[in-house]
1. Can you find a residue in segment 5-13 that is out of contact with any helix residue (DSSP H, G or I) (no Cβ under 6 Å at 6 or more places or on another chain) and on the phi > 0 side of the Ramachandran plot?
2. Given the structure, is residue 91 at pLDDT 95 or above, touching a strand residue (DSSP E or B) at 6+ places or on another chain (Cβ under 9 Å) and surrounded by 12 or more Cβ atoms within 10 Å (Cβ to Cβ)?
3. Which residue is nearest to the chain's Cα centre (by Cα), if the candidates are limited to segment 46-57 and must be in contact (Cβ under 8 Å) with a residue 24 or more places away in the chain and either under 15 Å from residue 91 (Cα atoms) or in a loop (DSSP other than H, G, I, E, B) (or both)?
């Protein structure tokens, strides 16, 4: 996996990434401190880019669901809000 948002406490957006028909990508919420457990309030929002170049939240990565697979064509990004605890996001 490659890091698209470094573990940090500040808010951040990943760069846009595009999927075409038949492609898929895994997104993983990660923590630099613990090997297995994430901060309980960790969240990152999966956003799709509309034709009008606005971003719409379509899902999220959380403590309970840290891995999501996207398989629809489109342009996407991940948005991480500021937090008191450092965490980030990886993409395969």
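1. Narrowing segment 5-13 to residues out of contact with any helix residue (DSSP H, G or I) (no Cβ under 6 Å at 6 or more places or on another chain): 5-13.
In the following step, the residues that additionally are on the phi > 0 side of the Ramachandran plot were identified as none.
No, because not a single residue in segment 5-13 is out of contact with any helix residue (DSSP H, G or I) (no Cβ under 6 Å at 6 or more places or on another chain) and on the phi > 0 side of the Ramachandran plot.
2. Yes.
3. So the first thing to find is which residues in segment 46-57 are in contact (Cβ under 8 Å) with a residue 24 or more places away in the chain, and the list is 46-49, 55.
Those left that are additionally either under 15 Å from residue 91 (Cα atoms) or in a loop (DSSP other than H, G, I, E, B) (or both): 46-47.
Details: 46: 6, 47: 9 Å.
Per the stated criteria, the residue is 46.
Results for (1) crowded, with 17+ Cβ neighbours inside 10 Å; (2) under 11 Å from the mean Cα position of the chain (by Cα); (3) in a strand (DSSP E or B), shown as yes or no for each residue.
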site	(1), (2), (3)
27	yes, yes, yes
32	no, no, no
40	no, no, no
44	yes, yes, yes
69	no, yes, yes
77	yes, yes, yes
83	no, no, no
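The values are calculated or read from the model by the stated rules, or taken from the named source; none is laboratory data. For clarity, every value in this text was computed on a predicted model and none was experimentally measured. Virtual Cβ from ideal backbone geometry, glycine too; neighbours counted across all protein chains shown.
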